[in-house]
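The values are calculated or read from the model by the stated rules, or taken from the named source; none is laboratory data. As the structure is a prediction and not an experimental result, all values here were calculated from the model. Don't worry about glycine lacking a Cβ; one is built from the backbone with ideal geometry, like all the others, and counts go over all protein chains shown. Accessible surface is based on the protein model in full, side chains and every heavy atom, while ligands, DNA and RNA are left aside. Shrake-Rupley method; radii C 1.70, N 1.55, O 1.52, S 1.80 Å.
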Amino acid sequence: MIESNDPPPLSELADGNRLVRNTFFNLFGYGIPLIAAIFTIPIVISGLGTDRFGILTLAWVLIGYLGLFDLGLGRALTKLVAEKLGLRLNSDIPSLIWTALLVMGIIGIIVAAAACVILPWMSGNLLKIPPQLSQEAETAFFLLALFVPIIIISVGFRGILEAYQRFDLTNAVRIPMGLFTFIAPLLVMPFSVSLVPLFVVLMAGRLIAMIIQLSFCLRTIPGLRKKVTLDSSAVGDLFKFGGWMTVTNIVSPLMMYLDRFFIGTMISVAAVAYYATPGEVITKLLLISGSLMGVLFPAFSGTFESHRNQTTALFSKGIKYIYLVMFPIVMVIVALAGEGLSFWLGTEFARQSTMIMQLMAVAIFFTSLGQVPYSLIQGAGRPDITAKLHFVELPFYLVFLWLMIRGFGIKGAAFAWMIRAMVDSTVMYLVARRLLNLSEPVNSMHWIIFSFISFSMLMSAMYFNISLSLKLGFLTTVLFFHLAIGWLSLLSKDEKNFLKKILPSVFSNQL
């Protein structure tokens with residue numbers, strides 16, 4: 001008997017209301033916490049102080065990064081459950097899930113044991129934490145290490161729900177948890193500014209979120225409640241797919257966030273705060289491309305072998321849409337970063353962090369474009385390619401990062417991150433084109449020219465020491481040409497007709 005919770009065929013994910021609905025679920029899931037961060041971070045900095053807030057930002061990074069030590073099993077679980085559903089082998093799913101969760105729990109315990117040793121040592125000996133905060137930071141990081149199994153198992157629960165295309169349920173957890181991450185310090189600060197109770201509250205929130213995820217999985221898959229069974233044969237399949245994903249899952253975030261630890265080691269944790277605060281906001285822009293890629297990934301997977309033309313069309317549209325949306329957003333941030341930071345966090349933060357935010361914004365622009373070929377390579381069943389590329393890229397980036405921080409401080413770190421993003425995205429794009437057998441030079445030059453022009457305008461905006469009125473005039477001119485080029489050269493006739501139909505209704509609803 002086929003359960004009513006079965007997801008639709010993968011082919012349906014490429015078009016229609018489901019694509020739009022799931023993308024917006026993800027957008028809200030990632031976007032709402034961003035709004036909370038904008039309003040709460042200035043209060044948290046004022047209440048905790050720059051040093052404590054710098055340590056807190058490192059903890060936020062670690063919470064996300066430690067979840068990637070599932071050895072790729074979360075992603076593998078999504079793939080294998082989806083395959084079982086496609087073959088209507090629903091009876092095999094409970095044993096597969098319980099086996100994966102057991103293995104992930106064991107991995108979580110092992111990682112937690114290592115983290116209990118490494119994290120307190122890192123805070124006490126590696127990071128330049130003020131002596132009066134040393135013991136407090138060690139205890140806080142020890143508490144974080146104890147909760148690693150919960151963080152890793154939560155990844156598995158999320159993967160199960162994504163396999164069932166229940167983006168509504170995954171974001172029903174993601175939104176409150178994202179809000180809680182930034183609101184929790186406000187709840188604790190009236191009673192204590194110590195990091196220890198703050199970390200206890202943050203980890204308690206993670207435990208509650210995991211329990212809710214479990215309840216969603218039990219409701220979505222009734223067979224999980226009937227009997228806990230294991231399938232030893234599934235272990236090999238899980239590790240086979242997850243092996244290369246592990247390399248990518250570890251190395252890719254490492255290249256994105258290791259700069260903060262370099263800064264904490266080479267400069268100070270206060271410098272981390274000046275660097276990471278704009279980074280916390282800027283990296284949230286990845287929700288735009290990430291939300292779309294989360295939905296397009298199964299479409300790439302389902303069409304690559306049998307409908308290559310459809311995959312190519314989806315690939316081109318993905319790059320086009322992200323370019324059209326991301327460029328004006330990043331352009332505004334780069335041009336008005338100084339004014340925005342001064343209004344948000346004060347003149348001192350603006351003085352220290354304006355160029356950081358500008359360089360990071362440019363990096364996110366290219367990273368967002370690079371997520372499309374990255375998702376296609378994964379969807380084509382070649383996680384080994386992305387893993388090898390990142391593994392080769394890592395040592396070169398670390399040396400470059402060290403040299404830039406040594407020579408130019410936190411501005412050098414941001415510049416190194418931007419260059420890495422450009423190189424990484426370009427290589428991914430070329431690999432994806434090769435997988436799709438796209439050899440036409442016109443299409444390649446098309447996107448190279450647009451990227452070069454975009455990058456040139458973004459970089460030129462950084463050095464404008466002009467009045468706000470002139471900046472706004474410059475922005476208006478550039479964005480007008482961006483929209484004109486997009487409308488005349490990039491959008492197809494069908495896309496133009498779609499916008500002509502939808503935009504009047506949107507504006508009429510606002511009146």
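Structure data summary
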| quantity | calculated |
| --- | --- |
| Sequence of TYR374, TYR323 when ordered by accessible area, the most exposed leading, probe 1.4 angstrom | TYR374, TYR323 |
| Gain upon complete extension [ILE35, PHE400; 0.36 nm per residue less C-alpha separation] | 128.1 nm |
| Added length on full extension, which subtracts the Cα-Cα distance from 0.36 nm per residue, ILE43 to THR476 | 152.6 nm |
| Listed pairs LYS79/LYS496; LYS79/LYS317; LYS79/LYS227; LYS128/LYS388 exceeding 30 Å between Cα atoms | LYS79/LYS496; LYS128/LYS388 |
| MET189 accessible area, 1.4 Å probe, all protein chains in place, Å² to nearest 10 | 40 Å² |
| Inter-label distance for PHE343 and ALA114, nm, one decimal - labels placed 7 Å from Cα along Cα-to-Cβ | 4.6 nm |
| About the Cα centre, charge dipole magnitude for the range 218-338 (Lys/Arg +1, Asp/Glu -1 at Cβ), debye | 440 debye |
| Accessible-area order (highest first, 1.4 angstrom probe) of the listed residues HIS482, HIS307 | HIS307, HIS482 |
| Descending principal axes extents, the range 136-226, alpha-carbon based, whole Å | 44, 22, 18 |
